[in-house]
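This report refers to the structure that appears directly beneath it.
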Amino acid sequence: MSLSTRLPDRSDCVSFVESDKEKILFYYGEGFMYEPLPVGTRVVYPPPPLPAIEDPDSAIEYALEHPLGCDPLSAQLSSGMKVTIAFDDISLPLPPMKSPDIRQRIIEIVLRKLAAVGVTDIHLIVATSLHRRMTPAEVKHAIGSKVFKAFKWGETLYNHDAEDKNNISDLGQTETGEHVEINRRAVESDLLIYVNINLVSMDGGNKSVPVGLSTYRSLRHHHSVDTLMNSLSYFDPPKSAMHHSCNRMGKVVAEHMNIFTIETTVNNDALPHFLTFLRKPYHQFNLLDKLNLYNNKISTDLLPVSLKRQIFFNMLAPYGLTGVHAGKTNLVHEKTLENVYRQQIVPVKGQADIMLIGVPYVCPYNVNSIMNPILMMCLTLGYFFNLYRGKPLVRPGGVYILLHPLHEDFHEVHHPSYIEFYNRVLTDTNDPKAVEQKYEEEFAHNEKYIDLYRNSYAYHGVHPFYMWYWGCYAYKYLGKVIVVKPKLKRPADIMGFDTADSIPEAIAQAKSFLGMDSPQITNYHIPPIGMCEVE
């Protein structure tokens, strides 16, 4: 039975443009645009937020004491244990969550249980994988000031370091020869408690410990071009070779470690009150919605880019908790996926010839930072393209039209290797396989980039390669990608994209490329997040 048959009525999430005077709102980069699209254009909106659990603390307590596949957490604890708590980093959720963050709620409850039985050997580790280190202020926001003050920053509360050879354990190989290396403190603990936020179906499960607490030597197996080319949807794990690799690693990890997984899901209440109009079709706006849009558009049109970025990253989302489960990783993740799909799935009939997407200001890798051209490619061809079950929302050989300013800007602290990757690697070749074979190992072992990853706040030297590979399947699948109104044409040229000065011009280019007078055009409206189940 299709999942869509068990979902709430989502008929309002799909509409069609009925008049050439009907306007569609786009939120992109650091601004807003609303203009008409051709009659017959299909618009897919994310589902409205599901009701939130009224008492999150009670729900967490119940999950910890009624876990799936193992004893209650309190029954597993005893004095003298070595316990490590690992938790998701700043890449989740997007936008960041208003205080108290769900990680704070869970960790506070877990720590009370540890204290009750006299457990004192406790470490808290941010599961950063090859991402940049979180700053003390960012960690404090995620876990709360009370927890932050109770631990010594840099000693018992710290970021995972994938390049700290003295604190990495080699757990062996999977049945297909994939190396499994994990943070040593986590491996040697009597109990590892992993605290997760599942914003999308790609995350969580065996993508937590085997990725978040791992090393380049392990990650290169499932972040390779070959693996990602065989991942037909990152958001449909059974069809994802990346998830199959993570599951094989998870099996090895489970043989060596005692893991108590805690996973949570949140609803689509991802926008502050003054941006909730983004959930609605423009023709349904009331007077307050129109006033909010007008004020936001005027502001974003006038403010400098740097100030707009600062304002947007100060916005926090009032997410509501929709589920929390604990216990054995695979059993927990089954429940997590059910909740994610229940919130996000929209049934859609048929694929589009042309897809239009407004690209927002944030992705998992530019929080409090800059959306550089490589991350824009990763977000659109990697994440947005894969937000489907069944078939992609656009047909093979179809056209993607993206609204984004495509600034040629890079955060010099967060993304130093991206700058060289962009100016040296992509100007030589943008073919993912050639990029991988010619340059990956050099960047992965570059001592300068390793030092910046370990001692500054830089993403690992190999990270831009993975972001480029992330879009490799869509890159081959699509016939053309057109960026509307870029500030500069050079980034599009380097990445192999076309450009247009307006949406009508981009649609005309797409029609000419496809050789079609009346293609099926779909606008995929983001934010918040939706996921299409394409029939």
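What follows draws every value from the coordinates through simple rules; no lab data is involved. Computed from a predicted model, the values in this text were never measured in an experiment. Don't worry about glycine lacking a Cβ; one is built from the backbone with ideal geometry, like all the others, and counts go over all protein chains shown.
One decimal place: the segment Ser99-Ala75 gains 5.6 nm when fully extended, by the rule 0.36 nm per residue minus the C-alpha distance. Residue ranges 323-335, 170-182, 285-297, 352-364 sort as 352-364, 323-335, 170-182, 285-297 when ordered by packing (mean number of other C-beta atoms within 10 Å per residue, highest first).
The HN-Hα couplings worked out from phi for the stretch 221-229 by the Karplus form 6.51 cos²θ - 1.76 cosθ + 1.60 (θ = phi - 60°) are 5, 9, 10, 8, 4, 4, 5, 6, 5 Hz, whole numbers, x standing for Gly and Pro. Of the GluC sites (Glu not before Pro) in the stretch 407-479, the ones in a loop by DSSP (not H, G, I, E or B) with at most 12 other beta carbons within 10 Å are Glu412.
State the Cα centre-to-centre distance between the stretch 200-243 and the stretch 70-109 in whole Å. The two parts, judged by their Cα centres, are 23 Å apart.
Between Lys476 and Asn286, the distance separating the two model label sites (each 7 Å from Cα on the Cα→Cβ line) works out to 5.1 nm.
Rounded to the nearest Hz, the phi-derived 3J(HN,Hα) couplings of the stretch 497-511 under the Karplus curve 6.51 cos²θ - 1.76 cosθ + 1.60 (θ = phi - 60°) are 9, 8, 9, 8, 8, 7, 5, x, 5, 5, 5, 4, 4, 5, 4, where x marks glycine and proline.
What angle, in degrees between 0 and 90 and rounded to the nearest 10, separates the Cα long axis of helix 102-116 from the longest principal axis of the Cα atoms of the chain? Computed tilt is about 10 degrees. Look at the alpha carbon pairs under 8 Å that are at least 6 residues apart: their mean separation over the length of the chain gives a relative contact order of 21 percent.
Among beta bridges from DSSP that stay inside the chain, the antiparallel ones total about 30%. Specify the angular offset, from 0 to 90 degrees and rounded to the nearest 10, of the alpha carbon long axis of helix 56-65 from the longest principal axis of the alpha carbons in the chain. Relative to the chain, helix 56-65 is tipped by roughly 50 degrees.
Summing charges over all other residues whose Cβ lies under 10 Å from the Cβ of Gly204, with Lys and Arg as +1 and Asp and Glu as -1, gives -2.
With the convex hull of the Cα atoms taken as the outline of the stretch 3-143, the averaged projected area works out to 13.5 nm². When only the Cβ of Lys, Arg, Asp and Glu is charged (+1, +1, -1, -1), the dipole of the chain relative to its Cα centre reaches about 540 debye. The fewest-to-most ranking of Arg133, Arg10, Arg112 by surrounding Cβ atoms within 10 Å reads Arg112, Arg10, Arg133. Recomputing Cα Rg over 2.2 N^0.38 Å from the coordinates shown identifies the correct label among (1) 0.95; (2) 1.05; (3) 1.09 as (1).
When DSSP beta bridges are restricted to pairs lying wholly in the stretch 56-266, around 20% turn out antiparallel. Helical runs assigned H by DSSP (4 residues or longer) give the chain a calculated mean residue ellipticity at 222 nm of -9500 deg cm²/dmol, each run adding -39500 (n - 2.57) before division by the residue total. Taking amide H atoms as placed 1.01 Å from N in the peptide plane, the amide H of Val43 lies under 5 Å from those of Ser15, Phe16, Val17, Asn523, each 5 or more residues away in sequence or on another chain. Residues in the stretch 90-127 near a label at Lys146, defined as backbone nitrogen under 15 Å from the 7 Å Cα→Cβ point? Flagged as within label range: 99-116.
What do you get for the angle between helix 329-344 and the principal long axis of the chain? Use alpha-carbon atoms, 0 to 90 degrees, nearest ten. Roughly 30 degrees between the two axes. Near Gly323, the amide H atoms lying under 5 Å from its own belong to Thr265; only residues 5 or more places off or on other chains count, and H is placed 1.01 Å from N.
Taking other C-beta atoms within 10 angstrom as a stand-in for reagent exposure, Thr427, Thr276 fall in the order Thr427, Thr276, fewest first.
Taking each of Lys165/Lys308; Lys98/Lys476; Lys152/Lys207; Lys21/Lys476; Lys98/Lys290; Lys239/Lys328 in turn, the alpha-carbon distance tops 30 angstrom for Lys165/Lys308; Lys98/Lys476; Lys21/Lys476. Residue exposure proxy: Lys239, Lys149, ordered by other Cβ atoms within 10 angstrom of their Cβ from fewest to most, comes out as Lys149, Lys239. Distances between placed amide hydrogens fall under 5 Å for Cys532 paired with Val346, Tyr388, Arg389, all partners being 5 or more residues away or on another chain.
Rg over Rh for the stretch 56-266 works out to 0.95, both radii taken from alpha-carbon positions and Rh defined as the Kirkwood radius.
Neighbours of Glu436, meaning other residues whose beta-carbon lies under 12 angstrom from its beta-carbon, give a summed charge of -2 when Lys and Arg score +1 and Asp and Glu score -1. Stretching the chain fully between Lys165 and Val117 yields a gain of 14.0 nm (0.36 nm per residue, less the alpha carbon separation). I need the phi-derived Karplus couplings for the stretch 299-307: 6.51 cos²θ - 1.76 cosθ + 1.60, θ = phi - 60°, integer Hz, Gly and Pro marked x. Values, residue by residue: 5, 5, 5, 9, 6, x, 4, 4, 6 Hz.
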